[in-house]
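Readers should treat all values here as calculations from the given coordinates under stated rules, not as data from a laboratory. Everything quoted here is computed from the prediction, not taken from an experiment. Counting neighbours? That spans all protein chains shown, and the Cβs are built from the backbone with ideal geometry, glycine included.
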Amino acid sequence: MIQMGTIKENEKVQYVDNKGKCVLYGEVTYDGILCGSCNKDMSISEFEAHSRINASDPLRNIYVEKGNSLLQCMIETWNKQDESAREDFHIFAPREGDHWDDVCAVCGTDDGNLFICCESCTLTFHKSCLDMEPVSGTVLTAVANSVARMLQIKWTALKDFSCLSFLNVVCVAKDVYHKSCGEASGGDDFNSEQAFCDKKCKEIFERLQLLLGVQHKLDDNYTWRFIRRAAIGSNALQIEPHVIECNSKLAVAMSIMNDCFKPFADSRSGINMMNSVVYNRGSNFARLNCSRFFTAILESGDEVISVANLRIHEKKVAEMPYVATGPLYMNQGMWRRLMKGIVWALGYLEVETLVIPAVPHLENFWCASFGFERVDENDEKVMKKMNMLVFPHSVVLKKTIPKYTGFYDPDAAVPQHQKSKSRSKSKRVRRAN
């Protein structure tokens with residue numbers, strides 16, 4: 001908020017009780033709030049606790065000099081961003097007469113070879129990437145439609161309260177479809193009240209909902225949590241504080257990503273893919289639809305330190321295309337802390353495998369430090385059926401996720417050979433409900 005000019009450094013703030021009485025003064029700093037009582041920097045939650053008011057609503061109860069609450073300041077800051085950061089859906093208008101993609105949905109390249117174009121969506125594929133035998137003719141309707149049912153995400157799905165918002169699960173083998181997939185395949189007997197394809201799918205969705213926005217404690221006063229962008233209005237009285245807080249955290253996460261990566265614009269649409277991933281933006285173009293992504297963040301107080309983006313596929317595989325740590329905290333073990341939380345959470349969601357794209361010269365780092373390995377041919381065949389982000393010239397690595405045990409295990413993300421030999425047992429810091 002200081003960087004965007006919504007509030008000023010050293011601006012006076014006060015904590016107000018439910019009677020409108022100021023009970024504690026302070027000043028805004030880059031580290032949080034400098035308490036006027038003890039002259040120490042602290043987070044907004046700690047400042048509220050210091051006021052001895054048990055309200056658990058610091059964003060609405062802390063006011064700046066001009067009379068706005070911190071919640072109103074956060075909304076103003078969010079609305080000051082570039083309009084693209086606040087969009088929840090990007091509609092790509094293809095060239096007249098050609099609504100298909102120019103990039104293979106499997107390998108992510110356009111090498112000049114002929115594509116197989118799906119008749120049901122915008123996706124295109126190299127014949128070799130689909131492991132197809134040569135056939136006569138140019139239109140392969142049955143195969144293309146089958147692939148489309150497994151890969152495409154329809155706009156109507158984003159409006160449904162279903163696991164499709166996160167998982168995009170389509171049970172083709174069982175002839176069980178989500179509403180949008182049933183519509184795509186022309187099914188007439190689809191039950192519109194059916195929100196999930198099976199009990200397992202519903203369970204994963206409900207567990208993920210329990211994790212979103214919830215802080216989990218780590219050692220040395222660090223915390224991690226999963227967050228997603230949500231649409232907000234301009235009326236502060238109608239906005240849940242945690243919604244605007246998560247959106248603001250994502251803006252910080254985007255800033256960290258920009259410090260670590262060069263912008264990656266899609267060649268067909270010009271869309272900034274990293275921006276779409278962080279803000280979980282949807283699209284009418286299946287390959288560009290990032291609506292199911294969510295972001296993991298590591299925090300110290302109110303400061304975001306490390307971030308990672310994740311998306312779950314077919315209930316068993318999660319992809320993690322981007323990870324980053326703020327420049328001031330690099331090479332201090334911050335990413336390792338966040339990785340521990342991510343691995344535990346994926347185990348809780350019963351995800352079996354975590355997949356990442358890696359720069360070739362960092363392959364040994366990921367394998368030695370975090371227990372990753374190269375995907376094999378069977379993995380590649382499975383991944384071809386998933387609408388995953390593709391990075392040309394990268395190495396795809398996988399990590400087996402330990403099964404959920406009911407406790408948070410801080411050693412779960414670290415290979416066995418790197419664990420301290422002197423540690424007799426893992427520190428249990430959180431029991432999952």
### Summary
Per DSSP, the loop-located chymotrypsin sites (Phe, Trp or Tyr not before Pro) within segment 13-94 having at most 13 other beta carbons within 10 Å are TYR30
### Query
Near SER267, within a Cβ-to-Cβ distance under 9 Å, what is the net charge of the other residues, with Lys and Arg +1 and Asp and Glu -1?
-2
### Task
Collect residues whose amide H, placed 1.01 Å from N in the peptide plane, falls under 5 Å from the amide H of ILE2; neighbours closer than 5 in sequence don't count.
ILE7
### Query
Too long at a 21 Å Cα-Cα cut-off: which of LYS316/LYS384; LYS262/LYS399; LYS262/LYS316; LYS315/LYS381; LYS12/LYS66; LYS127/LYS399?
LYS262/LYS399; LYS262/LYS316; LYS127/LYS399
